[in-house]
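Scroll down for the structure; my scribbles are underneath it.
Since every read-out is calculated from the coordinates, none of them should be taken as a lab result. The structure presented is a predicted model; accordingly, all values stated were derived computationally and were not measured. Methodologically, a virtual Cβ is constructed for each residue, glycine included, from the backbone with ideal geometry; neighbour enumeration extends over all protein chains shown.
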Amino acid sequence: MSASLFTLIFIATLAFTTLAKFWLARRHLAYIAAHRTEVPEVFREQIPLANHQKAADYTSARTRFSLLSMLFDAALLLIFTVAGGIQKISDLSQGWFTSPLLQGMATIVIALLISSLLEAPFNLYRTFRIEARFGFNNMTFGLYLADAAKGLLVGAILGLPLLAGVLWLMARMGEYWWLYVWGLWVVFNLLILFIYPSFIAPLFNKFSPLEDDITKTRIEALLARCGFTSSGLFVMDGSRRSAHGNAYFTGFGKTKRIVFFDTLLKHLNIEEVEAVLAHELGHFKHRHVMKRIASTFAMSLGFLWLLNFLMKTSWFYQGLGVNPASSSGQAHTATALLLLFMVMPVLGFLLGPVMSAYSRKHEFEADAYAVKQTRAGDLVNALVKLYQDNAATLTPDPLYSKFYDSHPPAAVRIANLQTT
């Protein structure tokens, strides 16, 4: 394949995915607007029209803003690739360092930092304008900066050694370097699963043991029935940043813990909390977490195999604005890694609906498990409260939902529970 042909294919694919995202978003906005004036029948007795309209307006505001974000992301990708941005960063890194390993690391780090800095205004607007306008943001600007600084520090401590190891293996392990890198990636991710609950998460939030004895007793009885052991039940100060509520499992093996947002416990009664937890236990019982981890590892192996192939071609580099003769060693492999990392979301756009469908299947299975352990009505009531408290739209466009949503639409999920 010639470099010019690959450039045309890449630009055409980027244009197609951007236009498809725009079309889906516009469908979504139109569908929400068409159903804004009436609460769906299944929710009519529980959710007031004003709350339904707030959810519609909140979702529409986020979707409209995403249109601008889509354009920015596409333009930035073109600047980094076809316009030669990565090549310029690589040239700059080679001028700063003599070591090919440091050159490669600097190229990737600089590109990621530039991308993060340019995207920061979008994150700030979402947090302090959209989230604040609808009453969800509790974060101060100081806390936002503190989180950003902590995230950068943790990323550097964990990410830089990983990046150095990946580039070293790519340069030294010969034809099958990608298997060695994959092994390192698997070990690194499993390590993060172990240390996240105890060392990383507490840097950002406060986790307190669940103190309500009645709730604790009910939950421990549920855990015993389901054969689930954990290192503890914790309440997270989610209200410090947002009014949204949630609950989740975190950790791996003996480090597993159950975490409730304080906002969740504030709005749900004990039976509803138990039903939400039973749903999460359904994910555990069906090994959904392990299946998702395994699928992620499988995709990462495919990514590295593809990278191994593309690194041997000149059209991949030249078609994306990089001169393959301008670097060598780790600097050369770093450029290839960065290029593929940036363009994969475009090339893999059509895999989105498949992954979303896989996730929704898991949600239905977890719901089915939950109603065997608790009352279906309690889970329905809990979900309705969560939809209302989080201003989740009750009327997403069906096609948009199939493409993006990891959870079934509210009406479909509730109807399914009511017939279970």
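The table below lists the values:
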read-out: R0 of 22 Å, Cβ-Cβ distance M299-T13: FRET efficiency to nearest 0.05; value: 0.70
read-out: Pairwise FRET efficiency - I79 versus Q46, Cβ, R0 = 56 Å, nearest 0.05; value: 0.70
read-out: Label zone at A415, where the point sits 7 Å out along the Cα-to-Cβ direction: segment 37-77 residues whose backbone N lies under 18 Å; value: 38-47
read-out: Cα lying deepest toward the dipole's positive end in segment 269-420, options P409, L347, L306, charges on Cβ; value: L306
read-out: P(r) histogram, all alpha-carbon pairs of segment 365-420 included - 5 Å bins from 0, percent; value: 4, 18, 28, 24, 18, 7, 1
read-out: Modelled FRET efficiency - R0 30 Å, L112 with R26, Cβ distances, 0.05 increments; value: 0.45
read-out: Sorted by Cβ neighbour density within 10 Å, fewest at the top, the residues W178, W96, W185; value: W96, W185, W178
read-out: Sequence of I195, I258 once ranked by neighbouring C-beta atoms within 10 Å, starting from the fewest; value: I195, I258
read-out: Beta bridges by DSSP in the chain, antiparallel share as percent, to the nearest 5; value: 65
read-out: Segment 145-222: translational diffusion in µm²/s, Stokes-Einstein, Kirkwood Rh over Cα pairs, 25 °C, 0.890 mPa s; value: 157
read-out: Theoretical ellipticity at 222 nm over the chain - DSSP helices of four or more residues, -39500 (n - 2.57) apiece, nearest 500; value: -23500 deg cm²/dmol
read-out: Label point distance in nm, N390-F188, each placed 7 Å from Cα along Cα→Cβ; value: 3.0
read-out: Centroid-to-centroid separation of segment 152-168 and segment 89-129 [C-alpha atoms, Å]; value: 14
read-out: L71-Y125 pseudo-label distance in nm [points 7 Å out on the Cα-to-Cβ vector]; value: 0.9
read-out: 5 angstrom amide H check on S242, placed H, neighbours 5+ away; value: N138
read-out: Proxy reagent accessibility, fewest Cβ within 10 Å first, across F80, F364; value: F364, F80
read-out: Highest-MSF residue in the chain out of A15, A25, A224 [GNM, Cα springs under 10 Å]; value: A224
read-out: DSSP bridge orientation in segment 167-272 - percent antiparallel, rounded to nearest 5; value: 65
read-out: Hull-based mean projected area of segment 278-370, where the convex hull spans the alpha carbons, in square nanometres; value: 7.0
read-out: Debye, to nearest 20: dipole size of the chain, +1 on Lys, Arg Cβ, -1 on Asp, Glu Cβ; value: 340
read-out: Exceeding the 32 Å Cα-Cα cut-off - candidates K206/K402; K312/K361; K150/K402; K150/K285; K206/K285; K21/K285; value: K206/K402; K312/K361; K150/K402; K150/K285; K21/K285
read-out: Additional length obtainable on full extension of the chain from K54 to K372, 0.36 nm per residue less Cα span; value: 111.1 nm
read-out: Projected area averaged over orientations for segment 101-173, convex hull of C-alpha atoms, nm²; value: 5.8
read-out: Calculated P(r) tail over 23 Å for segment 1-158, as whole % of Cα pairs; value: 60
read-out: Sequence-distant residues sharing a close amide H with V235 (under 5 Å, placed H); value: S208, L210, F260
read-out: Local electrostatic count at E271 - Lys and Arg +1, Asp and Glu -1, tallied over other residues with Cβ under 10 Å; value: -1
read-out: Longest to shortest principal axis, alpha-carbon extents of the chain, angstrom; value: 67, 49, 41
